[in-house]
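The structure under discussion appears below in the form of structure tokens.
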Amino acid sequence: MMQQANLKLKCQEDDHKDEIDFICYNEFCPGFRLNCFDCFKKGTHHNHFDDVKKMNTLIPFLEGNNKECDNLIDDLNKYIQSVNQSFSQLIRGIRNKYSLLKERIVNLNSYQINDYLNSTVKLTEYKQSISKIIEEQVKKLTHSFNNLYEQLQLTSFNYYQIDENDIKLSEDLYNQGYKLYLDDKYKEALELLDKSILINGNNQKSLFYKGACLKFLNKYEDAITWLDKALAIDPKHVDSLSDKGACLKMLNKYEDAITWLDKALAIDPKHVFSLSEKGQCLKMLDKYEDAITWLDKALAIDPKHVFSLSDKGACLKMLDKYEDAITWLDKALAIDPKHVFSLSDKGACLKMLDKYEDAITWLDKALAIDPKHVFSLSDKGACLKMLDKYEDAITWLDKALAIDPKHVFSLSDKGACLKMLDKYEDAITWLDKALAIDPKHVFSLSDKGACLKMLDKYEDAITWLDKALAIDPKHVFSLSDKGACLKMLDKYEDAITWLDKALAIDPKHVFSLSDKGACLKMLDKYEDAITWLDKALAIDPKHVFSLSDKGECLRQMKQYDKSEKVLQFALSINPNHTFSLDNLGNCLQDQEKYQEALIYYERKLKFNPNDQWTKNQKEFCQQKLKQ
């Protein structure tokens, strides 16, 4: 800022030797506004004397006026941003309604495709009217801008002329700031860049790097303000266009970001940063294959561009190509072994490949660099959950939620852990938190249904499972749990229908195989039941429910020795399995081995002393022993 003491101006009158003492601020004054004492005595300003101030008021006046000017420009920018937002909304709506990727058509039913065709056949008709309306409004707006430019006489000022010394000083300050920028000292760089801009407001490099510093300080909206100033001087400055796109990306305005990145690429089609950033935006819009196309363009120019390598891996991960993803993530890590996103995504891929301990190893590497990396914390919790370490998992999920209380996956996985700890009501509390943020989160909907099932609220459970299936009709757990609920409602044939849907997708889903066997058992189709229970046991030979139901089927078929053997095996795995205790008691009772049967009924009653059916069986055996 210019100091008041440095501002000394000589009077412009030839015969006056004094410095300027007074300034006139009257809006309608026709005279020269800067006067020495001799000029002032002439009385030019006598009729508005109250508007004449001492010279030391000039700097405060300038600062106040600059603030007013900045406020006006900010207001105008807000109006334009509002127009841009409305325009972006229009573009998004048109694209979403009239543009359909061939990859997505397979997920639509015939009614949805029919609606799409009904809409698109009218696009040609709408296209002409839309273009005409927008063109006319743009012409009107441009005409208004031109009129304002002339009325304000924006071409007729000369007080921004700066001399070569100012230009040199501004450039020197820029060079110092640029060096600090290269050293990642963004705050220190800003101080020097601000000084450079104050001396020469048209120093395009200082304007750009101020925007770049603000971007790295996560002040994206402020950064855009200064990048726009750089672009006002050089509308084709690729780095400014690209960085503006990057800032919009960080503000989650992905389509707007692509607009600006495309402007950069129109000038320099091989600008790696813009190619990579466009790929990242498409990734965030769930357009993974399109994203890979642009990331590949970046990598064709710079095969060692870490962000592009990492993001390609991330896209492949989202396309369920986990091994391919790891290949590309490893390429990124070969260049930068401490790249947190690559370490984290590699862990996530290993998790999806059921390599939970390996996954934790890589997630720990990411967390050693960034202990607050939410995705790594959350995925580590998810891995521990899959290793049946539910309490440990909750510890890590809580760490993620301490940083981001609205992280849906962490909320959902915490609910899932509580479910596995038989804390069903607590689980529902956390699942509801996830659903409050994302009402269509399939895993949360499904797990809430599963919790309600375990609370014997089968019809309520089906309501939530149906919500999950409305979003993902092929969600195996929801299909299976709906079948399980129908089984508990004694709707065995309906249950089998839904279990078959689950098995059509995952023929090795143990719970569905087992529950189908249980339904067939309840329909007295014991041999068929055993066929399906054996399929479950071929995958998991220690699946206690399948063993127990198989033992019961064998009992009903009067194959008592086989039944006893299977049930004893079930109890060797889980000595407290109440169904197996009851079934083995029944098997022994059928063979008139009442004393042995009593042992298993009594064991069952230790866990459930109020079970009337078991009490009745116990009394029956006791009476038989008295005879």
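The values are calculated or read from the model by the stated rules, or taken from the named source; none is laboratory data. Everything quoted here is computed from the prediction, not taken from an experiment. Positions of Cβ are generated from backbone atoms using ideal geometry, with glycine treated the same way; all protein chains shown enter the neighbour counts.
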Requested in this report: Please work out if Gly201 is surrounded by fewer than 19 Cβ atoms within 10 Å (Cβ to Cβ), over 30 Å from Leu295 (Cβ atoms) and in contact (Cβ under 8 Å) with a residue 24 or more places away in the chain.
Outcome: yes
Query raised in the report: Of everything in the stretch 361-395 that's among the acidic types (Asp, Glu) and under 19 Å from the mean Cα position of the chain (by Cα), which residue is nearest to Leu431 (Cα to Cα)?
Result: Asp379
**Report entry** Some residue of the stretch 84-97 being of a type in the set (A, V, I, L, M, F, W, C), surrounded by 14 or more Cβ atoms within 10 Å (Cβ to Cβ) and within 30 Å of Lys244 (Cα to Cα)
**Finding:** yes
Report task. Taking only the stretch 494-507 into account, find how many residues are under 32 Å from the mean Cα position of the chain (by Cα) and not in a helix (DSSP H, G or I). Result -> 1
Query raised in the report: If you take the residues of the stretch 299-355 that are of a type in the set (Ser, Thr, Tyr) and under 18 Å from the mean Cα position of the chain (by Cα), which of them is farthest from Gly381 (Cα to Cα)?
Result: Ser310
Report summary line: Filtering the stretch 578-610 down to residues that are over 21 Å from Met557 (Cα atoms), touching an Asp or Glu at 6+ places or on another chain (Cβ under 9 Å), surrounded by fewer than 22 Cβ atoms within 10 Å (Cβ to Cβ) and touching a residue at least 24 places away in the same chain (Cβ under 8 Å) yields Thr578
Report task. Scan the stretch 421-432 for residues that are of a type in the set (A, V, I, L, M, F, W, C) and either without any contact (Cβ under 8 Å) to a residue 24 or more places away in the chain or surrounded by 16 or more Cβ atoms within 10 Å (Cβ to Cβ) (or both) and jot them down. Result -> Ala427, Ile428, Trp430, Leu431
Report summary line: Scanning the stretch 283-295 for residues that are within 21 Å of Val340 (Cα to Cα) and not small (Gly, Ala, Ser), the one nearest to the chain's Cα centre (by Cα) turns out to be Met284
Requested in this report: Take the stretch 130-163 and flag every residue that is more than 21 Å from Leu76 (Cα to Cα) and either at pLDDT below 85 or in the same structural domain as Leu90 (by TED's automatic domain parsing) (or both).
Outcome: Ser156, Phe157, Asn158, Tyr159, Tyr160, Gln161, Ile162, Asp163
Report summary line: With criteria (1) loosely packed, with under 10 Cβ neighbours inside 10 Å; (2) of a type outside the set (Val, Ile, Thr); (3) in a helix (DSSP H, G or I), Gln153 comes up short on (3)
Requested in this report: Just one of (1) out of contact with any Lys or Arg (no Cβ under 9 Å at 6 or more places or on another chain); (2) under 25 Å from Leu241 (Cβ atoms); (3) not in a helix (DSSP H, G or I) trips up Leu282, so point out which.
Outcome: (3)
**Report entry** Test for Ala382: is it touching a Phe, Trp or Tyr at 6+ places or on another chain (Cβ under 9 Å) and under 25 Å from Ala450 (Cβ atoms)
**Finding:** yes
Query raised in the report: Only one residue in Ile301, Ile258, Ile233, Ile267 is surrounded by fewer than 20 Cβ atoms within 10 Å (Cβ to Cβ) and closer than 30 Å to Asp320 by Cα, so which one is that?
Result: Ile301
Query - Residue ID - surrounded by the most Cβ atoms within 10 Å (Cβ to Cβ), chosen from residues in the stretch 9-48 that are assigned to a helix (DSSP H, G or I) and without any contact (Cβ under 8 Å) to a residue 24 or more places away in the chain - result: Phe40
**Report entry** Members of the stretch 297-312 that are under 12 Å from Phe273 (Cα atoms) and charged (D, E, K, R)
**Finding:** Lys297, Asp302
Query raised in the report: Just one of Asp358, Asp398 is surrounded by fewer than 21 Cβ atoms within 10 Å (Cβ to Cβ), under 20 Å from the mean Cα position of the chain (by Cα) and without any contact (Cβ under 8 Å) to a residue 40 or more places away in the chain; which is it?
Result: Asp398
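Quick grid of which residues meet (1) small (Gly, Ala, Ser); (2) under 22 Å from Asp370 (Cβ atoms):
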residue	(1), (2)
Lys229	no, no
Ser242	yes, no
Leu251	no, yes
Ala257	yes, no
Lys283	no, yes
Ala291	yes, no
Ser310	yes, yes
Gly313	yes, yes
Lys321	no, no
Query raised in the report: Does any residue of the stretch 452-459 turn out to be assigned to a helix (DSSP H, G or I), more than 32 Å from the chain's Cα centre (by Cα) and surrounded by fewer than 16 Cβ atoms within 10 Å (Cβ to Cβ)?
Result: yes
Query raised in the report: Which of the residues belonging to the stretch 252-272 are among the aromatic types (Phe, Trp, Tyr) and closer than 16 Å to His237 by Cα?
Result: Trp260
